[in-house]
Amino acid sequence: IRHFEASNDLSGTTALVTAGPTQEAIDPVRYIGNHSSGKMGVAIAENMAKRGAKVNLVLGPSQEKNHHPNITTIHVTSAQEMYEAALQAHPDAKINVFAAAVADYAPANPAKEKIKKSSNDLSISLKKNIDIAATLGENKSNEQYHVGFALETDKEEENALAKLKKKNFDFIVLNSMKDEGAGFKHDTNKITIYHKSGKQETSPLLSKTDIAALIVNTIVKDL
Ligand code: CTP
Ligand code: CA
């Protein structure tokens, strides 16, 4: 895997990567969020940058740091902000990797002031966020390559294949939940890649850096 990174097989290529969680404001001090670390998306951005690609990384709130000169990081907070940044970068991006854990819903009317505790229970009404991958998938040209991710707890293959089709991905990466050490918060991952051609391949348990290299190798082979 590693010797591929030394080569400049992506020089002259522009890429877009969405990564990290999003945070959806409830009021000025609270939000709805998720446990995504942003590690996988940042590792993919770094791998492509090392191979010579110019990468726009649209990153939700994350502790992950990257210093590669080929990466321009656009920091965003909400799904709507992530969409607007991705929409701007998409027309120039040959490779598009949708690695973000985008919140599916946001508070419909975030409070302007901090919500005070009262003697009653509280309900917050939520509205659906825009689907970034699906929306950009509708505007995908023949020259553009789209990669998505899925994490499922049930009917893994069926759900992953439905997303592959619905969002117009070239392939989708299913993160295994079944293996110890895989998924959220871990430094290792085990994946299955489902191609739109019907081909599929499963990896062993690898570090996120090696998974990133494997995913980018799969893109490069297909370009
Ligand atoms: N995705 C996105 N914008 C959203 C939701 C998801 O771009 N608003 C992208 C993710 O980055 C990922 C893929 O779509 O590449 C699948 O995300 P996932 O949350 O698994 O799919 P959903 O369509 O939201 O379905 P569900 O959460 O109900 O399983
Ligand atoms: Ca979702």
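Annotation: Glu113 fulfils all but one of (1) more than 13 Å from ligand 2 (Cβ to nearest atom); (2) crowded, with 20+ Cβ neighbours inside 10 Å; (3) touching a residue at least 24 places away in the same chain (Cβ under 8 Å); the unmet one is (2).
Considering segment 11-56, and only residues there that are of a type in the set (A, V, I, L, M) and assigned to a strand (DSSP E or B), the residue that is surrounded by the most Cβ atoms within 10 Å (Cβ to Cβ) turns out to be Val17.
Answer yes or no: is there a residue in segment 96-104 that is within 16 Å of ligand 2 (Cβ to nearest atom), under 24 Å from Asn168 (Cβ atoms) and either more than 15 Å from the chain's Cα centre (by Cα) or surrounded by fewer than 16 Cβ atoms within 10 Å (Cβ to Cβ) (or both).
Within segment 96-104, the first condition is being within 16 Å of ligand 2 (Cβ to nearest atom), and the residues that meet it are 98-104.
Still in the list and also under 24 Å from Asn168 (Cβ atoms): 98-104.
Checking the rest, the ones that are also either more than 15 Å from the chain's Cα centre (by Cα) or surrounded by fewer than 16 Cβ atoms within 10 Å (Cβ to Cβ) (or both) come to 104.
Yes, that holds for at least one residue.
Does Asn66 fit the bill of being modelled with pLDDT of 95 or more, closer than 20 Å to Ile215 by Cα and in contact with a Leu (Cβ under 9 Å, 6 or more places away or on another chain)? Even if it seems obvious, please write down each step before you answer.
Numbers: modelled with pLDDT of 95 or more: no; closer than 20 Å to Ile215 by Cα: yes; in contact with a Leu (Cβ under 9 Å, 6 or more places away or on another chain): yes.
So Asn66 fails the test.
Put simply, of Ile193, Ile172 the only residue that is within 16 Å of ligand 2 (Cβ to nearest atom), in a strand (DSSP E or B) and buried (at least 16 other Cβ atoms within 10 Å of the Cβ) is Ile172.
Of everything in segment 93-127, what is in a strand (DSSP E or B) and more than 19 Å from Ile32 (Cβ to Cβ)? Give them in sequence order.
Here is the first cut: in segment 93-127, the residues in a strand (DSSP E or B) are 95-98, 101, 105-107, 126-127.
The answer is Ile95, Asn96, Val97, Phe98.
Among the residues of segment 12-29, those identified as of a type in the set (Gly, Ala, Ser) and either at pLDDT below 95 or closer than 29 Å to Pro204 by Cα (or both) are Ala15, Ala19, Gly20. For segment 129-146, check the following and say yes or no: at least one residue is touching a helix residue (DSSP H, G or I) at 6+ places or on another chain (Cβ under 7 Å), in a strand (DSSP E or B) and within 16 Å of ligand 2 (Cβ to nearest atom). No.
Here Pro107 meets the list (1) surrounded by 11 or more Cβ atoms within 10 Å (Cβ to Cβ); (2) within 10 Å of ligand 1 (Cβ to nearest atom) almost entirely, failing just condition (2). Considering Leu126, Leu161, the condition of being farther than 21 Å from Ala93 by Cβ, away from ligand 2 (no atom under 14 Å from the Cβ) and modelled with pLDDT of 95 or more is satisfied by Leu161 alone. The one condition from (1) modelled with pLDDT of 95 or more; (2) buried (at least 18 other Cβ atoms within 10 Å of the Cβ); (3) out of contact with any Ser or Thr (no Cβ under 6 Å at 6 or more places or on another chain) that Ala86 does not meet is (3).
The values are calculated or read from the model by the stated rules, or taken from the named source; none is laboratory data. As the structure is a computational prediction, the values presented were derived from the model and not from experiment. A quick note on method: Cβ atoms are made from the backbone with ideal geometry, for glycine too, and the neighbour counts reach across all protein chains shown.
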